[in-house]
1. Being within 13 Å of ligand 1 (Cβ to nearest atom) and in a loop (DSSP other than H, G, I, E, B) is the requirement here; does ILE70 meet it?
2. In the stretch 206-228, is there at least one residue being within 13 Å of the chain's Cα centre (by Cα) and either within 17 Å of VAL93 (Cα to Cα) or in contact (Cβ under 8 Å) with a residue 12 or more places away in the chain (or both)?
3. Filter the stretch 73-86 down to residues that are within 13 Å of ligand 1 (Cβ to nearest atom) and either touching a residue at least 40 places away in the same chain (Cβ under 8 Å) or assigned to a strand (DSSP E or B) (or both), then give me how many there are.
4. Can you tell me which residue is nearest to the chain's Cα centre (by Cα) among those in the stretch 95-110 that are surrounded by 21 or more Cβ atoms within 10 Å (Cβ to Cβ) and more than 10 Å from ligand 1 (Cβ to nearest atom)?
5. Tally time: how many residues in the stretch 158-178 are in a loop (DSSP other than H, G, I, E, B) and within 16 Å of ligand 3 (Cβ to nearest atom)?
6. Is it the case, given these coordinates, that GLY72 is within 16 Å of ligand 2 (Cβ to nearest atom), crowded, with 17+ Cβ neighbours inside 10 Å and at positive phi?
7. Of ALA47, ALA78, ALA28, ALA84, which residue is among the aliphatic types (A, V, I, L, M) and within 20 Å of ARG179 (Cα to Cα)?
8. Report yes if LYS151 is open to solvent by 30 Å² or more (accessible area, probe 1.4 Å), assigned to a loop (DSSP other than H, G, I, E, B), over 16 Å from LEU75 (Cα atoms) and not small (Gly, Ala, Ser), otherwise no.
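The values are calculated or read from the model by the stated rules, or taken from the named source; none is laboratory data. Please read all numbers here as calculations on a predicted model, not as lab measurements. Backbone-built Cβ (ideal geometry, glycine too); neighbour counts: all protein chains shown. The area values use the complete protein model at the heavy-atom level, side chains included, leaving out ligands, DNA and RNA. Shrake-Rupley method; radii C 1.70, N 1.55, O 1.52, S 1.80 Å.
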Amino acid sequence: MSAKNQEYDFKWCPGCGDFGVRRAIEFALKEFSATKSIPIEKTVVVAGIGCSGNLVHLIEGPQPFGIHGIHGRTLPIALGVKMARPELNVLVVAGDGDFLSIGAEHIGPQAQRNLNVCVVIMDNGVYGLTKGQSSPTAVTGQITTSTPYGKVEAKLNPLALYLSLGVSFVASGFSGKPRELAKLIVTGMEHKGFAIVHVQSPCTTYNDSYEFLKGDPKKNIEPALYDIPAAHDTSDIASALKLAQAPGMPIGILYHAQDSEPLETRLETMKKKAKARNTQELVNAFNI
Ligand SMILES: Cc1ncc(C[n+]2csc(CCOP(=O)(O)OP(=O)(O)O)c2C)c(N)n1
Ligand code: SF4
Ligand SMILES: [Mg+2]
């Protein structure tokens, strides 16, 4: 396909952060295809269910392949694609609810395998598509449609979670800076292993966090967003964890493992050790 899906009439609300993430992904795919001489059809976008996942239908210009699967199951689908076609570039797009709530149990296993995909998470702190319920990244006490008396649970720290689970590339971005975000996504796609680019992407309808993120000098509100200092050592997991746990919202690359061996390389090494067995040897293996 060379044009976006005309049959899908979903529209993001005015000001939704996901517009900026889509723009960043368009920039990133264009650059990745040009610099690596990889045609756009060699990229597969695996999308979650949510306003965020609908991005797969809304990409403008040259089209990658797309799979719009099941809520919370982007990573099992991405694993399937990479097992069948390891040469493809797989980009996962999902929301904070999809990835960190129903889908959370899949992050650890894929981090341990070092599944060679790049994940872009659009974090708006709510379930936008289903009308504003609280998500794991909503703050304690937040009033939402599912927490009318305030959220009881603590807020999850996704960056610290990814680092603790062993994700080999962890970056943090903002939808309001699509050019900068595109660079993080390109680096994530180039990384040999499991890359997550976690994006602050405000929901203007149910959780407008622009003021919190960008600040407002007129109201004496300091911005939560800040650029990670150039001196930060991205190969140092301890420094990355410190950044993830410090106040504010760091923007840039927190961690980039230097010795990252992706799943397909590990499987190739294992296949070389595996011996073909005849029928009798297979029967004997059951010891019957
Ligand atoms: C198995 C399953 N459970 C629940 C739903 C309903 N559902 C659809 S999207 C969604 C949450 C979306 O939140 P998020 O992933 O943060 O995406 P956003 O809309 O905020 O971008 C839920 C609970 C579903 N489609 N499938
Ligand atoms: S409900 Fe929120 S996340 Fe969904 S399109 Fe509207 S602003 Fe964006
Ligand atoms: Mg969400």
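1. yes
2. no
3. Adding up the residues that qualify gives 1.
4. Only one residue tops the list, namely ILE107.
5. So the count comes out to 1.
6. No; evaluated as a whole, the condition is false for this residue.
7. ALA28
8. Against the criterion (open to solvent by 30 Å² or more (accessible area, probe 1.4 Å), assigned to a loop (DSSP other than H, G, I, E, B), over 16 Å from LEU75 (Cα atoms) and not small (Gly, Ala, Ser)), LYS151 does not qualify.
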